[in-house]
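First up is the structure itself, then whatever we jot down about it.
Any read-out appearing in this document is the output of simple, stated calculations on the displayed coordinates, not a laboratory observation. For clarity, every value in this text was computed on a predicted model and none was experimentally measured. A quick note on method: Cβ atoms are made from the backbone with ideal geometry, for glycine too, and the neighbour counts reach across all protein chains shown.
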Amino acid sequence: MKMVTLRIDGKELQVEEGTTILEAAKAGGIDIPTLCHSDRLKPYGACRLCMIEVTKGGRTHLAASCVYEAEDGIVVRTDTEQIRGIRRMIIELLWPSLTDLAKEYGVTASRFWHKNTECNLCGLCVRYCSEIKKLDAVFFKGRGVDRELAIVPELAKECAFCHECHELCTSGWIVTHSDQIFG
Ligand code: FES
C-alpha cells in the first residue's frame, strides 16, 4: 500500500493512500469535531462541522475532512479562527442539540429560527437504515427549516423490533421519540 506524508497542525504524519484527513488526524491524536460521520457508514460530508483548511501547491482552501483524502505534501490546519467561526455558525444552526460543542465554541444562543428543535438532522439513522439494514424505513421529508425525520408507515413495524439506529443518534431525539415515530 502506498503511503503519503502530510502535516496536520504542525505534526508530520504518514498514512496509507486513501485515508481521509479526519482519519489521519485521529491517528495523530488530533481531534476534529464531527456530526454526520460514523466509522460504520460511508463518508457523507453533509454537516461541514469537520471543516479544515488545506494548503496544497501554495493555494489554501477549505474542505470537509471526513471526505477529503490525505495527499503527499499537503499542510492541514484544523483549528483556525475562520474554521472556528464556521463551526460556531453550524452549531447555531443545529441549536440546541449540540450542548457540549456549544460550550466549547462559546455559543450561547442561535440567530436562526428553528422548527425542529431537537433532532439535529445528521442523517446517521437514515443512512444506517439504508446502507446497513437495506430497508430505507427512515427518511427526511421537507426542506430547510421544515426538514424532519419521517418513517415509511408500512415499515414502522420493522422499526419497532430493530432500533439499531438508536446508538448512532447524535442528539438522542430518535430515542426519546421512538414510540411516537415508530409506534
Ligand atoms: S462530519 Fe464531515 S461533513 Fe459531517
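For the stretch 76-183, what is one quarter of the convex hull surface built on the Cα atoms, given in nm²? Show your work: numbers first, answer last.
On the way: hull surface 32.2 nm².
Mean shadow area of the hull around the Cα atoms is 8.0 nm².
I want the local charge near His163. Using Cβ-Cβ distances under 15 Å, sum +1 for each Lys or Arg and -1 for each Asp or Glu among the other residues.
Computed value for this residue: -2.
Would you calculate the volume per residue, in Å³, of the smallest convex hull containing every Cα atom of the chain? Please list the in-between numbers first.
Numbers: hull volume 23.6 nm³, N = 183.
It is 129 Å³ per residue.
As a test of the formula, what do you get for the chain when each DSSP H run with n ≥ 4 contributes -39,500 (n - 2.57) and the sum is divided by the residue count, at 222 nm and rounded to the nearest 500 deg cm²/dmol? Before the final figure, lay out each step's value.
Values: 7 runs with 50 residues, N = 183.
Counting only the DSSP helices, I get -7000 deg cm²/dmol.
Taking a 18 Å limit on the Cα-Cα distance, which of the listed pairs Lys42/Lys141; Lys11/Lys103; Lys42/Lys133; Lys26/Lys103 fall beyond it?
Details: Lys42/Lys141 21 Å; Lys11/Lys103 27 Å; Lys42/Lys133 14 Å; Lys26/Lys103 22 Å.
Pairs exceeding 18 Å: Lys42/Lys141; Lys11/Lys103; Lys26/Lys103.
Starting from the 7 Å offset along Cα-to-Cβ, what nm value, one decimal, do you get for the label separation of Lys103 and Thr60?
Using points 7 Å along Cα→Cβ, the separation is 3.2 nm.
Taking a label point 7 Å from the Cα of Asp31 along the Cα→Cβ vector, which residues of the stretch 56-90 have an amide N closer than 20 Å to it?
65-66, 77-90
Expressed in nm to one decimal, what extension gain is obtained for the pair Lys42 and Ala160 from 0.36 nm per residue of sequence separation less their Cα-Cα distance?
Numbers: separation 118, 0.36 × 118 = 42.48 nm, distance 2.50 nm.
Computed gain between Lys42 and Ala160 is 40.0 nm.
Relative to the longest principal Cα axis of the chain, at what angle does helix 81-93 sit, 0 to 90 degrees, rounded to 10?
The two axes meet at around 0 degrees.
Which part of the stretch 60-89 falls in the paramagnetic zone of Met3, meaning amide N under 14 Å from the point 7 Å along Cα-to-beta-carbon?
72-73
Can you tell me the relative contact order of the stretch 26-143? Whole percent, Cα pairs under 8 Å, sequence separation 6 or more.
Details: 137 pairs, mean separation 23.8, N = 118.
20 percent.
Using R₀ = 22 Å, calculate the FRET efficiency as 1/(1 + (r/R₀)^6) where r is the Cβ-Cβ separation of Lys133 and Val175; round to 0.05.
Values: r = 17 Å, r/R0 = 0.78.
FRET efficiency, Lys133 to Val175: 0.80.
How compact is the stretch 143-183 by the rule of thumb for globular proteins, expressed as Cα Rg over 2.2 N^0.38 Å? Could you put the intermediate results ahead of the total?
On the way: Rg = 10.7 Å, N = 41, 2.2 N^0.38 = 9.0 Å.
With N residues counted in the stretch 143-183, Rg over 2.2 N^0.38 Å equals 1.19.
Quick one: work out Rg over Rh on the C-alpha atoms of the stretch 3-77, Rh as Kirkwood radius.
Taking Rh as the inverse mean 1/r over Cα pairs, Rg/Rh reads 0.93.
Check the straight Cα-Cα distances from Lys134 and name the aspartates and glutamates below 19 Å, setting aside those fewer than 8 residues away within the same chain.
Of all the aspartates and glutamates, those that pass the test against Lys134 - Cα under 19 Å, at least 8 places apart if same chain - are Asp39, Glu154, Glu158, Glu164, Glu167.
Taking θ = phi - 60°, what integer Hz values does the Karplus form 6.51 cos²θ - 1.76 cosθ + 1.60 yield along the stretch 18-30, in sequence order, with x for Gly and Pro?
Calculated HN-Hα couplings, in order: x, 6, 7, 4, 4, 5, 5, 4, 4, 4, x, x, 9 Hz.
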